[in-house]
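Read the figures in this text as sums done on the coordinates, not as results from a lab. Keep in mind that what you see is a predicted model, and the values were worked out from it rather than measured. Quick reminder, even Gly has a Cβ in these numbers, built from the backbone with ideal geometry, and neighbours come from all protein chains shown.
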Amino acid sequence: MTMNYASMLEAEKKTLTGELIRLGRHDLKTNTWEAAAETADPSELDPNTIADRFEDFEEKTAIIVPLEARLTQVESALAAIANGTFGICRVCSTKIEEARLSANPAAETCMEHLEA
Ligand SMILES: [Zn+2]
């Protein structure tokens with residue numbers, strides 16, 4: 001049988017979710033993550049503090065965006081395992097190489113259709 005991709009994916013999902021929880025908050029309605037904003041009323045803060053907080057928000061967002069994108073890939077691979085379509089190239093519908101999947105179990109294409 002193949003490598004245990006489900007457990008690899010579950011482990012990665014756990015790591016990614018942990019990072020996202022540390023940096024932001026999850027909007028259940030849209031299923032998106034956004035940087036955690038400070039809760040203090042901005043009208044009570046001096047402009048420098050507001051600028052610092054905005055910078056912090058921007059920095060967190062820059063980290064969150066790729067983590068969130070990766071989490072989406074990992075979740076769709078887990079969904080594919082659940083519905084039996086895991087490991088199939090979404091371009092040509094052939095089996096994705098084991099070497100490629102072991103390097104990236106969330107891969108959606110075979111080597112030939114690897115996106116640049
Ligand atoms: Zn392909």
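A few points about this structure:
- Here the contact order of segment 5-86, divided by its residue count and restricted to Cα pairs under 8 Å and six or more residues apart, works out to 39 percent.
- Table column - 3J(HN,Hα) (Hz), segment 4-9, Karplus curve with 6.51, -1.76, 1.60, x for Gly and Pro: 7, 5, 4, 6, 4, 5
- Environment charge at Cys110 (Cβ cut-off 12 Å; Lys +1, Arg +1, Asp -1, Glu -1): -2
- Residue among Lys95, Lys14, Lys29 with the largest mean-square fluctuation in a Gaussian network model of the chain, springs linking Cα atoms under 10 Å: Lys29
- The angle separating the long axis of helix 47-83 from the principal Cα axis of greatest extent in the chain is about 20 degrees.
- Residues Glu34, Glu98 arranged by fewest to most Cβ contacts within 10 Å: Glu98, Glu34
- Cα-derived Rg to Rh of the chain, Kirkwood definition: 1.14
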